[in-house]
Amino acid sequence: MNDVSMPQGGLKSDEPVADAKPSLFRRPLFWVILLVVGGTLIGGGTLYWLDARQYESTDDAFVDAHIVRIAPTVAGTLLQVADVDNRHVEAGVLLGVIKAQNPQAQLAEAQAGVAQAEAQIETARAQVAAAEAQRAQAIAQARAPLAVADKAAQDLARYEQLLKLDPSAVAGQQLDAARAQARQAAAEAAAARTQIANADANIRVSRRQITAAQAAADARRAVVQQASINVGDYRLTAPVSGQVVNRSVNIGSYVAPGTPLMSIVPDRIWVTANFKETQLKLMRRGQPVELRIDAFPDVKFRGTVDSIQRGAGQAFSLLPAQNATGNFVKVVQRVPVRIEFDVKNGPDPRRYPIGPGMSVIPTVKVR
């Protein structure tokens, strides 16, 4: 066989093999970077946890208010409707007038009745004054008969006393005359007393007439008040200050009792936040709240926890859940929490177009 010679450029068996690259885990720089990154993550996570545990937040929250719905209590045609759509009104502002006929006539009749009753009171007072004057006159006229009767009685007593001492000292004719004079004077005195008694009776009757007339006047005033209320029912005014919304009528519209005409969103609004029942452990009244309203994400509103409802929302639903069944599944319930706006430490929500139903994200500081 012929020997096969290796090419001159071939690998020689006695050349050294190149060293392999060291592993990444054996490099000190890798462990330094790993420790720095790991320590940063652990420290950042710990700081985040320490900060996050101080707050409880939810996105199940909205602006709330006691909306006042304006509706009449009487039927009729609208003669006047205020043009205040989406405008702010003060309490007592006239919002509408319903056509009224009979109540106005009833009010006028009741007012006339009051005037008549007051005239009767004045008449009764005049009668009392006249009766008192008659009594004074009767007393003055009775002074003379009373004095005469008193003198006649004294004379008769003296004659009778003398008659007992000396029967011959007093003549029988003289004694008879004294007795007749005493009887006549006594009768005149009795008549004078009767006139005084009659005057007193007239005074009492007149005073009772005043009392009766005053009672009649009070009854007529009550009728006037009721008639005024009936007339007032035809004038619709704003019961509270706020913004008028959802007006659904105009001049000439016929309305019936209870027909919704418009609504008023009061100036006082708050936030109702439905927190999970597991978030209420540390929540207390008066804790500060940061409010983020979706319509104004760049504005930080402030608030405080006002109250926590004693019961989950599902307990007050129209058809409460019946859990006494075999297919019960536990679900974390939501509890409404009322949050008031803090206008002293934050923006005033009344300066923004914020109304009931708008979404809010409240964050309560519980620690």
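Condition check: at pLDDT 65 or above, open to solvent by less than 100 Å² (accessible area, probe 1.4 Å), in contact with a Ser or Thr (Cβ under 9 Å, 6 or more places away or on another chain) and of a type in the set (Val, Ile, Thr). Does residue 36 satisfy that? No.
Among the residues of region 259-286, those that are among the polar types (S, T, N, Q) and under 24 Å from residue 82 (Cα atoms) comprise 259, 263.
Quick check: anything in region 193-204 at pLDDT 70 or above, surrounded by 12 or more Cβ atoms within 10 Å (Cβ to Cβ), over 30 Å from residue 63 (Cβ atoms) and of a type in the set (Val, Ile, Thr)? Scanning region 193-204 turns up at least one residue that is at pLDDT 70 or above, surrounded by 12 or more Cβ atoms within 10 Å (Cβ to Cβ), over 30 Å from residue 63 (Cβ atoms) and of a type in the set (Val, Ile, Thr).
Can you spot a residue in region 307-316 that is touching a Lys or Arg at 6+ places or on another chain (Cβ under 9 Å), part of a strand (DSSP E or B) and more than 20 Å from residue 67 (Cα to Cα)? Yes, region 307-316 contains a residue that is touching a Lys or Arg at 6+ places or on another chain (Cβ under 9 Å), part of a strand (DSSP E or B) and more than 20 Å from residue 67 (Cα to Cα). Being within 23 Å of the chain's Cα centre (by Cα), assigned to a loop (DSSP other than H, G, I, E, B) and surrounded by 14 or more Cβ atoms within 10 Å (Cβ to Cβ), is that true of even one residue in region 270-290? Within region 270-290 (the criterion being within 23 Å of the chain's Cα centre (by Cα), assigned to a loop (DSSP other than H, G, I, E, B) and surrounded by 14 or more Cβ atoms within 10 Å (Cβ to Cβ)), the answer is no, since none of the residues qualifies. Consider region 298-323 and keep the residues that are open to solvent by less than 50 Å² (accessible area, probe 1.4 Å), among the aliphatic types (A, V, I, L, M) and under 18 Å from residue 57 (Cβ atoms). The one that is nearest to the chain's Cα centre (by Cα) is 305. Determine whether residue 295 is among the small types (Gly, Ala, Ser) and either closer than 22 Å to residue 63 by Cβ or in contact (Cβ under 8 Å) with a residue 40 or more places away in the chain (or both). Considered against the rule, which asks whether it is among the small types (Gly, Ala, Ser) and either closer than 22 Å to residue 63 by Cβ or in contact (Cβ under 8 Å) with a residue 40 or more places away in the chain (or both), residue 295 comes out as yes. Condition first: assigned to a helix (DSSP H, G or I), buried (at least 16 other Cβ atoms within 10 Å of the Cβ) and either modelled with pLDDT of 90 or more or over 25 Å from the mean Cα position of the chain (by Cα) (or both). Can you find one or more residues in region 89-105 that meet it? Checked region 89-105: at least one residue is assigned to a helix (DSSP H, G or I), buried (at least 16 other Cβ atoms within 10 Å of the Cβ) and either modelled with pLDDT of 90 or more or over 25 Å from the mean Cα position of the chain (by Cα) (or both).
Annotation: of all residues in region 324-361 being assigned to a loop (DSSP other than H, G, I, E, B) and closer than 21 Å to residue 279 by Cβ, the one that is least open to solvent (accessible area, probe 1.4 Å) is 342. Pairs meeting the criteria (first residue in region 55-73 and farther than 12 Å from residue 269 by Cα, second residue aliphatic (A, V, I, L, M) and open to solvent by 60 Å² or more (accessible area, probe 1.4 Å), beta carbons under 7 Å, at least 6 apart or on different chains) are 57/361; 59/361; 61/361.
The values are calculated or read from the model by the stated rules, or taken from the named source; none is laboratory data. What you see is a predicted model, and the numbers here were worked out from it, not measured in a lab. Using ideal geometry, Cβ is built from the backbone for each residue, glycine included, and neighbour counts are taken over all protein chains shown. Just the protein is used for accessible areas: all its heavy atoms, side chains included, with ligands, DNA and RNA removed. Shrake-Rupley method; radii C 1.70, N 1.55, O 1.52, S 1.80 Å.
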